[in-house]
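The structure under discussion appears below in the form of structure tokens.
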Number of protein chains: 2
Amino acid sequence: MDKHEVIDAIELADQAINRRDMAALMDFYEEDATLVIEPGRCAYGKEQIAQAFGAIFEYFNQSLSVSQRDFHVIEGGGVALVVCKLSLSAQGMDTSRVSMERKPTYIFRKSMDGKWRCLIDNSYGVDL
Amino acid sequence: MDKHEVIDAIELADQAINRRDMAALMDFYEEDATLVIEPGRCAYGKEQIAQAFGAIFEYFNQSLSVSQRDFHVIEGGGVALVVCKLSLSAQGMDTSRVSMERKPTYIFRKSMDGKWRCLIDNSYGVDL
């Protein structure tokens with residue numbers, strides 16, 4: 001099976017996160033997208049999402065690094081659901097690296113310009 | 001928080017499953033919805049979904065019973081993501097009852113008639 005375009009979009013967003021490139025990262029999202037910051041707390045719309053990523057980058061000492069793998073893409077009703085595995089790592093307060101694994105759930109729709117953009121970014125998957 | 005309308009829709013669909021009411025069950029889905037039958041196998045569109053449920057009902061000896069709880073609803077970009085817990089039980093080949101638990105992921109959109117309908121029904125959640 002050919003690699004789905006949403007996987008390219010996710011990989012570009014991960015690269016944007018890893019170099020703290022907010023402009024590139026924001027192009028990943030639809031204008032009225034929602035980001036799950038943590039269970040029970042969401043950022044609504046690009047402005048809040050950009051603020052949330054600013055705080056996330058700060059929280060992880062500007063050292064956050066993410067990568068994703070094992071993508072499953074399911075299309076239906078004009079949207080695409082993506083389930084995958086996410087590895088996060090960052091510099092701890094001392095010199096050690098901290099890391100964690102998650103199973104995110106993303107929802108995408110193809111924009112007017114032909115690019116798939118994220119409607120809901122839920123890195124917590126079913127652990128809400 | 002008021003109960004979200006998508007939860008009412010899910011509960012009505014569960015009741016339809018439990019009484020094997022295919023017409024009521026099909027009203028839960030958008031015309032071009034996708035149902036994950038099992039990891040790696042999907043039904044696309046209402047006709048395939050109805051066929052799949054016919055086979056599922058048969059597989060469970062017309063005794064399948066489902067109920068769901070612990071709903072989390074996240075809206076973004078005009079769609080709603082639902083994460084919850086699902087209990088399934090059915091009559092086994094002998095007289096015993098078999099049961100299982102899942103953490104599904106659903107995607108909904110509000111239809112033109114004002115009713116929320118399911119675009120992607122993935123009862124396997126992140127376990128694809």
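Each reported figure results from applying straightforward, stated rules to the coordinates on display, with no laboratory input. None of the values given here were measured: they were computed from a predicted structure. Virtual Cβ from ideal backbone geometry, glycine too; neighbours counted across all protein chains shown.
Residues in region A:80-93 that are at the interface with chain B (Cβ under 8 Å from one of its Cβ atoms) and closer than 20 Å to A:Gly45 by Cα: A:Leu81 alone. Annotation note: of B:Leu64, B:Leu128, B:Leu88, B:Leu119, the sole residue that is under 21 Å from A:Glu30 (Cα atoms) and touching a residue at least 12 places away in the same chain (Cβ under 8 Å) is B:Leu119.
The rows are residues; the columns are (1) over 12 Å from the mean Cα position of the chain (by Cα); (2) under 17 Å from A:Leu86 (Cα atoms); (3) not charged (D, E, K, R).
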{"residue": "A:Ala9", "(1), (2), (3)": "no, yes, yes"}
{"residue": "A:Asp14", "(1), (2), (3)": "no, yes, no"}
{"residue": "A:Arg20", "(1), (2), (3)": "yes, no, no"}
{"residue": "A:Tyr29", "(1), (2), (3)": "no, no, yes"}
{"residue": "A:Asp32", "(1), (2), (3)": "yes, no, no"}
{"residue": "A:Phe53", "(1), (2), (3)": "no, yes, yes"}
{"residue": "A:Glu58", "(1), (2), (3)": "yes, no, no"}
{"residue": "A:Leu64", "(1), (2), (3)": "yes, yes, yes"}
{"residue": "A:Phe71", "(1), (2), (3)": "yes, yes, yes"}
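Residues in region B:94-107 that are in contact (Cβ under 8 Å) with a residue 12 or more places away in the chain and either more than 11 Å from the chain's Cα centre (by Cα) or more than 9 Å from chain A (Cβ to nearest Cβ) (or both): B:Ser99, B:Met100, B:Glu101, B:Arg102, B:Lys103, B:Tyr106.
For region B:66-84, the condition of being farther than 30 Å from A:Ile37 by Cβ and not β-branched (Val, Ile, Thr) holds for at least one residue. Here region B:14-53 is the region considered, the condition is being small (Gly, Ala, Ser) and in contact (Cβ under 8 Å) with a residue 60 or more places away in the chain, and the residue that is nearest to the other protein chains (Cβ to nearest Cβ) is B:Ala33. Those strands (runs of 3 or more DSSP E) of region B:34-128 in which at least 3 residues are of a type in the set (Val, Ile, Thr) and surrounded by 14 or more Cβ atoms within 10 Å (Cβ to Cβ), considering only elements entirely within it, cover B:65-76, B:79-91.
With the structure loaded, tell me whether B:Ile120 is under 11 Å from the mean Cα position of the chain (by Cα) and more than 22 Å from B:His4 (Cβ to Cβ) or whether it fails that test. So B:Ile120 does not fit the description; no.
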